[in-house]
Amino acid sequence: MGRKERKEREVKRENYATQHSAKKKKETLIAIGVLATIAVIVGYAAFLFLTMTETAPGGPENAGALGSDHSHAALLVKIFGDTFEFASPAFQIKSSWIHFEGNDGTTIHKHATGVELGYLFETLAIGLDDQCYVFPDGKQFCSNEDYELKFFINREQVPDIREHEVMEGDRVLIVYGGETPEEIEEYLSQLDNQELVK
């Protein structure tokens, strides 16, 4: 009986060890499977983020993938001689493609190729065309017999800025009022001295 009991105990121990080993192996395989699934999901999300294009929600038409460019431009808006800044939270980071950031309202940050200034103003809810500058509250400043809306890009007067794609170091001036050439030159100098916040 002693020998038989020992034999049965040994068999039980072996069975227990085999079952325990099998259970550990199963748990390990499940853990590897879960980690592999998580790695695939994270990898796929990273791939989507890096290859995001204009078809992504809120993206501008004809824009390249986010991160395909990183340009900065200075913007100065003068309405009847008063400077309008975009530093308030209402104008900060309204789009991933082009925006103002860091509580700075003078440097435009563009993060993809093909993004035009018209899209920036669209995201800020500011109406802009070649004749009118319209604030989000509906207040309009339109060219008429007395006052004119003027645009300058890198000191050159242009009829419209909506289709201009920001390039590194661009200087953009929007003026509404009855300024003299000397006053315009003063604004352009102010813009030239405006620091780009990167």
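Odds and ends about this structure:
- Of all residues in segment 165-178, those that are within 22 Å of residue 127 (Cα to Cα) have Cβ atoms under 7 Å from Cβ atoms of residues that are part of a strand (DSSP E or B) and among the aromatic types (Phe, Trp, Tyr), 6 or more apart or on another chain, in 173/152; 174/133; 174/151; 176/133; 176/141.
- Scan segment 70-84 for residues that are in contact with a Lys or Arg (Cβ under 6 Å, 6 or more places away or on another chain) and either crowded, with 19+ Cβ neighbours inside 10 Å or within 17 Å of residue 126 (Cα to Cα) (or both) and the total you get is 2.
- Note on segment 93-102: among residues that are touching a residue at least 12 places away in the same chain (Cβ under 8 Å) and within 19 Å of residue 135 (Cα to Cα), the one that is most open to solvent (accessible area, probe 1.4 Å) is 94.
- For segment 103-126, filtering for residues that are closer than 30 Å to residue 144 by Cα, open to solvent by less than 50 Å² (accessible area, probe 1.4 Å) and small (Gly, Ala, Ser) leaves 2.
- Residue match in segment 155-162 (condition: open to solvent by 30 Å² or more (accessible area, probe 1.4 Å), at pLDDT below 95 and not in a strand (DSSP E or B)): no
- Hey, residue 118 at pLDDT below 95 and not aromatic (Phe, Trp, Tyr) or not: no
- Any hit, segment 127-140, residues being crowded, with 19+ Cβ neighbours inside 10 Å and part of a helix (DSSP H, G or I): no
- The numbered conditions (1) β-branched (Val, Ile, Thr); (2) touching a His at 6+ places or on another chain (Cβ under 6 Å); (3) touching a residue at least 60 places away in the same chain (Cβ under 8 Å) are all true for residue 108 except (2).
The values are calculated or read from the model by the stated rules, or taken from the named source; none is laboratory data. Keep in mind it's a predicted model, so treat the numbers as computed, not measured. Using ideal geometry, Cβ is built from the backbone for each residue, glycine included, and neighbour counts are taken over all protein chains shown. Calculation scope for accessible area: heavy atoms of the full protein, side chains included, ligands and nucleic acids excluded. Shrake-Rupley method; radii C 1.70, N 1.55, O 1.52, S 1.80 Å.
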